[in-house]
Structures are given as C-alpha cells and as structure tokens.
1. Can you tell me how many residues in region 57-90 are exposed (fewer than 14 other Cβ atoms within 10 Å of the Cβ) and in a helix (DSSP H, G or I)?
2. Any idea which of (1) touching a helix residue (DSSP H, G or I) at 6+ places or on another chain (Cβ under 7 Å); (2) exposed (fewer than 11 other Cβ atoms within 10 Å of the Cβ); (3) among the hydrophobic types (A, V, I, L, M, F, W, C) is the one Phe140 doesn't satisfy?
3. Please give the number of the condition Ala111 fails out of (1) free of Cβ contacts under 8 Å to residues at least 40 places away in the same chain; (2) touching a Gly at 6+ places or on another chain (Cβ under 7 Å); (3) not β-branched (Val, Ile, Thr).
4. Can you find a residue that is in contact with a Gly (Cβ under 9 Å, 6 or more places away or on another chain), more than 30 Å from Val103 (Cα to Cα) and either of a type in the set (Ser, Thr, Tyr) or buried (at least 16 other Cβ atoms within 10 Å of the Cβ) (or both) anywhere in region 163-175?
5. Every residue in region 56-79 that is free of Cβ contacts under 8 Å to residues at least 60 places away in the same chain, among the β-branched types (Val, Ile, Thr) and within 17 Å of Thr212 (Cβ to Cβ), please.
6. Which members of region 97-111 meet the condition of being closer than 14 Å to Ala225 by Cβ and in a loop (DSSP other than H, G, I, E, B)?
7. So Tyr100 clears everything in (1) modelled with pLDDT of 90 or more; (2) exposed (fewer than 13 other Cβ atoms within 10 Å of the Cβ) except one condition, right? Which one?
Amino acid sequence: MILVVMPSMILPGIGTDTKQSVALVALFAGALVFFEYNAVYPSLIEFRDGAPYNRIRYLMMLTVVVFLSAIVADLEASTTVTRLFHALGLVIGSALDFPYSPVRLASYMLADDATPAQVAMVKVAAGTAYIVSLFSLALFVIVLKLAGWPSTKSAFNVWVNLPTFEPTAGGDVVDRLVRDSHVNLAVGFLLPFVIPAMIAVLTRGIPAETLTSPQTLIWTMALWAYMPAALIMRAVAMARIADMIRIKRAAKLAVLGAIEPSALNRDEDEDDL
C-alpha cells in the first residue's frame, strides 16, 4: 500500500479524484498480499517463504518509485532533496545514454514531435530506474552466494514457493526448472531492448504529453526497469532450486547405495544360518 500511494504523497498538486483512485488500488494491492501470505497455499506470489527474495524485489520497486517521484516533483516544486535526486538522475541518464543502450532505446518510445526537454526527462527517468534495478539484481546475487539462499535452517517447500509452476506437466522437474530458468533469463535480458523496439515498430510512438505526465512516467519507467530484473532474479532463483533438488537426489541415491549392500550381506548371513 505504501508503494502504490508513494507518488501521490510526493508529487504536488494531486487532485482528489486521483487520490481516491490511488487509495482504492492500494487497498486492493494490500488485501492481495495479505491473503497470499496468510493462505496455506498461495496462488500468485512466488517464494513466499524464501526471504529475502520478495523483500529485495519490493525494495527495488519502492526505491525506483521514490527516486522517480522526487525527480518529477523537482519540476513543479523544487526543494533541496528533489534537486539532489534530479542532479543524480541527470548524471546517471547521461552516463547510460549511449548508442543501443536501454536508456537510448527507451527514448525512442516517444513520438517524433517530442521536445528535447521531454526526451531528456524520459532518459533521466529510464537511467535512474535501470541503474537501481541493476544494483538490486547484484544485491540479490550477493545474498544468494553469501547467505546460501534459500535458507537451510527451515524446511523449504518447493511447490508452495512456486505456485505457478506445474510439477506434473511432464518431463523431469529439474530439467523443466532449468529450462524455465533459461527462458526467464533470456526474456529478462532482452525485454529492455524489445519493448521500445516493438512500440517504435507497431506504433508511431507514445504521445509525449501522455508518457511524460507525472504518474504515467513514474509507473511506466518503474515497470520497464522492474520486469527485466524480476525475471532475471526468478531465473537465478529457479536455477538454485533445481540445484537443490539435484543435490537432494544425489544424497538420497548415495544413502540408498550405502544401505543396499549392507542389507544384502545381512540377508546372505541369515540364509547361511
């Protein structure tokens, strides 16, 4: 709920109708998360018991929304804090604005009649959102390596933490997890490049007034940066789960292999008696 209402709290001049709509969406989002985390078997949210997977994803989205809200607010009601965020965004956007970069491609989503100021604003928002997603992805990989995610201190139910994964769809579950991991990794890597290209090819571009409006710019750029990072994190997580299942299988086979010869020897001794 805090995530949904954050832009309306930071941006100045938000109307009453917008606040009511945002409050309704926030209540729905909060109820969804509450029931998912309190249900015995979730239906949508993955890795419910695999902290801090969802915490990192949430903090990534919250950070992007806060940063972009501060940058956009600087255009209407400038303060020391908003000027700082805007200055950082200008530096990041300029650094990531090189040929064929996701930030450069994101600016191509605008229609041809966009002004240089509108293009620059999209680049600043895209660069800020993208760099936060990269740092969040790096943080998740570091946590996975250092903390041994998911934690082995308690039982980890694969099927509860992967409610959208169908284990009985056919084929070996480890092979399917690895295949899905590769697909998510490929899609997550290509998504920042494919989305602007598809918009540029299928349409004449998004009208500048629409994309650069405060709420639209914040949520569009936040989702544009969040979805690829979330897919890559999901790919890494599924590959880790596949490794866990493979290790468990190998350990079980080793135990069975150690027990069976002794059991056979005992049977032979009983036959001799």
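The values are calculated or read from the model by the stated rules, or taken from the named source; none is laboratory data. These figures come from a predicted structure and were not determined experimentally. Counting neighbours? That spans all protein chains shown, and the Cβs are built from the backbone with ideal geometry, glycine included.
1. 5
2. (2)
3. Of everything listed in (1) free of Cβ contacts under 8 Å to residues at least 40 places away in the same chain; (2) touching a Gly at 6+ places or on another chain (Cβ under 7 Å); (3) not β-branched (Val, Ile, Thr), Ala111 misses just condition (1).
4. Start the filter on region 163-175 by keeping residues that are in contact with a Gly (Cβ under 9 Å, 6 or more places away or on another chain), which leaves none.
No: zero hits.
5. Ile71
6. Of everything in region 97-111, those that are closer than 14 Å to Ala225 by Cβ and in a loop (DSSP other than H, G, I, E, B) turn out to be Ser101, Met109.
7. Here Tyr100 meets the rest and fails (1).
Quick grid of which residues meet (1) in contact (Cβ under 8 Å) with a residue 40 or more places away in the chain; (2) in a helix (DSSP H, G or I); (3) out of contact with any Ser or Thr (no Cβ under 9 Å at 6 or more places or on another chain):
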{"residue": "Gln118", "(1), (2), (3)": "yes, yes, no"}
{"residue": "Gly127", "(1), (2), (3)": "no, yes, no"}
{"residue": "Leu134", "(1), (2), (3)": "yes, yes, yes"}
{"residue": "Gly170", "(1), (2), (3)": "no, no, yes"}
{"residue": "Val194", "(1), (2), (3)": "no, yes, yes"}
{"residue": "Met198", "(1), (2), (3)": "no, yes, yes"}
